[in-house]
Amino acid sequence: MSLHIPKSRIDDGDLTEHEIWYLFSRNKLPKHIDRPEKAPGKRGKKVPAAPKAKSIDDQDAPKIERKGGIVDDDEEETYTTDAGWNNDKRRAELSRRGLSLEGGRDDFIARLRRHDMHETLPEDLVAGPEMEDEGDTEDDSDDENDD
């Protein structure tokens with residue numbers, strides 16, 4: 001069933017409750033007319049409140065890293081100092097996963113992230129017997145015992 005409502009009445013806001021509900025239920029209610037709280041008549045269903053939009057500052061959006069890639073906020077802190085990681089811990093994790101220990105902090109983090117995403121490059125892997133676990137050697141002070 002369609003209802004004809006003259007445009008002049010809509011522009012003036014001179015509408016009955018039924019006409020307002022008709023326009024509202026079809027997403028045609030102009031902004032200058034208040035949204036109805038419930039449907040007119042005996043059944044009168046309550047209208048759910050419209051969700052409030054977040055301001056631009058409150059919205060979650062990916063950040064663009066200086067190299068041009070989009071970085072997920074959760075991923076950004078993985079393996080960083082802020083997340084409690086240092087190079088010794090990164091090296092231990094690289095070794096445990098059989099990944100190369102070449103390079104520095106940024107290389108370690110990139111290699112670990114690639115491994116997490118199952119995008120490991122051939123140069124990330126350690127070749128040969130170094131891949132075997134050599135046991136835990138937490139004492140890195142070999143030079144101190146050379147007395």
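Kindly check whether there is at least one residue in region 71-87 that is assigned to a helix (DSSP H, G or I) and at pLDDT 90 or above.
Yes, region 71-87 contains at least one residue that is assigned to a helix (DSSP H, G or I) and at pLDDT 90 or above.
Got a number for residues in region 93-112 being surrounded by 14 or more Cβ atoms within 10 Å (Cβ to Cβ) and assigned to a helix (DSSP H, G or I)?
Qualifying residue count, region 93-112: 11.
The values are calculated or read from the model by the stated rules, or taken from the named source; none is laboratory data. Here the structure is a predicted model, which is why all the values come from computation and not from measurement. No Cβ is skipped: glycine too gets one built from the backbone with ideal geometry, and neighbour counts run over all protein chains shown.
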